[in-house]
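J.: Quick one: the structure is below, questions incoming.
What follows is calculated from the coordinates using simple rules that are stated; it is not laboratory data. In this text the structure is predicted, and so the values were computed from the model without any measurement. When we count neighbours, we look across all protein chains shown, and the Cβ atoms used for this are built from the backbone with ideal geometry, even at glycine.
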Amino acid sequence: MEIVSKFAVGSDKGVDDLFDVKKAVIRHIYKEHIPLDTIENYIKEHLDHRKMINILNDLSNQLIMVFVDDQPAGYCLFKSGSSYSDSSEGKKMTELMEFGILPEYDSEVRPSLWNKVKSAIKFTDSIWINIDQNNPHLQFFKDNGFIFVKDSVSELFDAPSQIYELDLLH
C-alpha cells in the first residue's frame, strides 16, 4: 500500500478527488444521527465545484489530500489567519476547516495526513478546529494536545460541536 500526502490545487480533478472523499466522510459521520435524505440533500446543495475552486484559489486556504495507491483517501482543508470568536488577540492562528479520512483507511492514512498538516502549518502560533461531538477524529485531536475551548455549533446540520485549540508556542 503506497500512501502519499500532497497539496492539491483548485482544479476540477482536485475538487473531484476532494468531493469523492468528503461525500463518503459526511455519510459515515452523520449516518447514525441525521436522516439519509437530509444528508443527501446537504451534499447536493452544498458541495459545489465552482465554490470550492474559489475557496482553494484563496491564498489563505490550503488543501492536503492523501492518496492510497493513487486513490483519494483523506484530506485536510485549512485556513491561515482564521480565528474563532473570543480567541486570544495577536495570535497567528490556523483553522482546520475540514479533516476527513475514509474509514477503511483511517489508521494507515491519519499519520501521513497529520504529519503533512503539521509540517505545512508550523509557522502559526496555534491551530484550532470546530469539530462535531460525533466526529471519529475528536479523540485523535485530544490525544495530540488539542484543548477544549468552548461549545459551538457546526456548519454541517447545525450539529453540536466544540472548539479545540493546539498551542504551538510551547
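J.: Filter the GluC sites (Glu not before Pro) in the range 52-144 down to the DSSP loop ones having no more than 15 other Cβ atoms within 10 Å, then list what survives.
T.: Within the range 52-144, the qualifying GluC sites (Glu not before Pro) (loop, at most 15 other Cβ atoms within 10 Å) are E89.
J.: How would you classify the range 75-170 from its alpha-carbon gyration tensor, with a ≥ b ≥ c the square roots of the eigenvalues: rounded for a/c under 1.5, else prolate if a/b is greater than b/c, otherwise oblate?
T.: Since a/c reaches 1.5 but b/c is at least a/b, the shape of the range 75-170 is classed as oblate.
J.: Give the aspartates and glutamates whose C-alpha is closer than 13 Å to that of K150, dropping any in the same chain fewer than 8 places away, or say none.
T.: In chain and number order, the partners are D86, D132, E165.
J.: May I ask you to compute the full-extension gain from E2 to K122, defined as 0.36 nm times their residue separation minus their alpha-carbon distance, rounded to one decimal in nm?
T.: 40.7 nm
J.: When a/c reaches 1.5 or more, the comparison of a/b and b/c decides; with that in mind, is the chain rounded, prolate or oblate per its Cα gyration tensor?
T.: Rounded, because the longest to shortest axis ratio a/c is under 1.5.
J.: Mind listing which trypsin sites (Lys or Arg not before Pro) in the range 93-170 are in a DSSP loop and have 12 or fewer other Cβ atoms within 10 Å?
T.: Passing both the DSSP loop test and the Cβ count: K122.
J.: What is the spin-label model distance, in nm, from N134 to R27 if the labels are put 7 Å beyond Cα along the C-beta direction?
T.: 1.6
J.: In nm, to one decimal, how far is the modelled label at L59 from the one at F148, with both set 7 Å along Cα→Cβ?
T.: Calculated label separation equals 4.0 nm.
J.: Take the Cβ-Cβ distance between E104 and D16 as r, set R0 to 22 Å, and report the resulting FRET efficiency rounded to the nearest 0.05.
T.: Result of the calculation: an efficiency of 0.65.
J.: Give me the distance in nm between label points sitting 7 Å out from Cα along the Cα-to-Cβ direction at S80 and D48, one decimal.
T.: Spacing of the two 7 Å Cα→Cβ label points: 2.7 nm.
J.: Right, something else. Multiply the residue gap between F157 and V9 by 0.36 nm, knock off their C-alpha separation, and tell me the result in nm, one decimal place.
T.: Stretched out fully, the F157 to V9 stretch lengthens by 50.6 nm.
J.: Okay, next question. Any of K22/K92; K22/K122; K6/K31; K6/K44; K22/K44 with alpha carbons more than 21 Å apart? Name them for me.
T.: Distance filter (> 21 Å) returns K22/K92; K22/K122; K6/K31; K6/K44.
J.: Provide the net charge surrounding D70, with neighbours chosen by a C-beta distance below 13 Å and charges set as Lys +1, Arg +1, Asp -1, Glu -1.
T.: Around D70, the surrounding residues sum to -2.
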